[in-house]
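Worksheet for the structure shown next.
The values are calculated or read from the model by the stated rules, or taken from the named source; none is laboratory data. Treat the numbers as computed from the prediction; the structure is a model and nothing was measured. Cβ: placed from backbone, ideal geometry, glycine included. Neighbour counts: every protein chain shown. Heavy atoms of the whole protein, side chains included, go into the accessibility calculation; ligands, DNA and RNA do not. Shrake-Rupley method; radii C 1.70, N 1.55, O 1.52, S 1.80 Å.
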Amino acid sequence: MIDFLQNHFPIKLRLTLWYVLLMAVTFTAFAVYLVLRFQNNLKSAMDASLQINVSQTIAGLDEEDYHETGVLTFDHTGQIQADVTDFAMRIISHAGVVWDTYGVVQSIPVWGSVEAGFSTQRGVGGEEEWRVYSQAIPDSKGQIIGWVQASQSLLPVTDSVQDLQDQLLLGIPLILLLAGFGGFFLAIRALLPIERITATAQEITAQDLSLRLNYK
């Protein structure tokens, strides 16, 4: 490639191409880092929201109601059955029996294994991903009597990351194009004195020795 550039392109254009190539590599690496960092930050914020929601729900559960009825519900947690489209929550027994649900539970056919912590599951159709957080419900003696699981769609995260990628794919080529024009202009300015010296040196002959090289 280097030999091809040297044989087919003037030095001004070669300098510009190397400059643009270096900027392209730099911007691409930065764009990948930016997208990954942005995606991780959005997921971390979602995880924190799910964890807080589950913890507040568990704090609002009525253990006396469990001892009387044998189940736990959202009735005492302050959860409002709103028209949510990307959030779901459920309370299940230690044996896995569903006691109560909230939100679009039908959109998540697979909640994953009932283990404390986070997991990512597929929704209906296997296309949309959901972030699931599970936390145990202890009684006054510290025994686990059930679990609260909350899930939120990762579609907003995916859409935001895709939007950022689209903007980068549009913006980086424009920046490289402007950088190419600027680099070519700078290359011309930088090489102009050398071209003048070269042209003067070629004009100096044995018959005309009065010309001098102006290198200042």
- Item | Which listed residue, of Tyr33, Tyr19, is touching a Gly at 6+ places or on another chain (Cβ under 8 Å), open to solvent by 50 Å² or more (accessible area, probe 1.4 Å) and aromatic (Phe, Trp, Tyr) | Tyr19
- Item | Scope region 36-59; condition over 17 Å from Val157 (Cβ atoms), aliphatic (A, V, I, L, M) and open to solvent by 60 Å² or more (accessible area, probe 1.4 Å); matching residues | Ile52, Ala59
- Task: Determine whether Gln81 is at pLDDT 85 or above and open to solvent by 90 Å² or more (accessible area, probe 1.4 Å).
- Result: no
